[in-house]
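The values are calculated or read from the model by the stated rules, or taken from the named source; none is laboratory data. The structure displayed is predicted, hence computed values, not measured ones. So basically every Cβ, Gly included, is an ideal-geometry build from the backbone, and we count neighbours across all protein chains shown.
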Amino acid sequence: MNPKTYTPGPGAWICLLSISFIILFGATWIRTQCTSLNFSISQIREEKARLVTQNRNLEIEQARLRSPERIRNLAENRLGLSIPKPENIIDLSGTVHEKGP
């Protein structure tokens, strides 16, 4: 008895080539998606760094704008306000403070 050897027909070759093409296409698509996502991540990291710096600068500016010296200066120079004299201060109880000794 002679063992018969199997020789694939053209349908088997077409199927093998189709599967190979699908695998190659899938690998290429995945690589493209990875590259695109890495680019997006890089842009987001840069944006985050820019926003962190901007936030730090805004916090510094906020502290500067809230400083009591600046507020006192604005009140005196721009608004014409002054620190009240003790005789001009009235308690909620209605008593007037006199000058000290």
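Numbers below:
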| quantity | calculated |
| --- | --- |
| From the options 56, 66, residue that is at pLDDT 85 or above and either touching a helix residue (DSSP H, G or I) at 6+ places or on another chain (Cβ under 6 Å) or surrounded by 10 or more Cβ atoms within 10 Å (Cβ to Cβ) (or both) | 56 |
| Complete set of residues in the range 6-35 that are surrounded by 10 or more Cβ atoms within 10 Å (Cβ to Cβ) and of a type in the set (Gly, Ala, Ser) | 12, 18, 20, 26, 27 |
| Boolean, residue 76 is part of a helix (DSSP H, G or I), more than 39 Å from the chain's Cα centre (by Cα) and surrounded by 10 or more Cβ atoms within 10 Å (Cβ to Cβ) | yes |
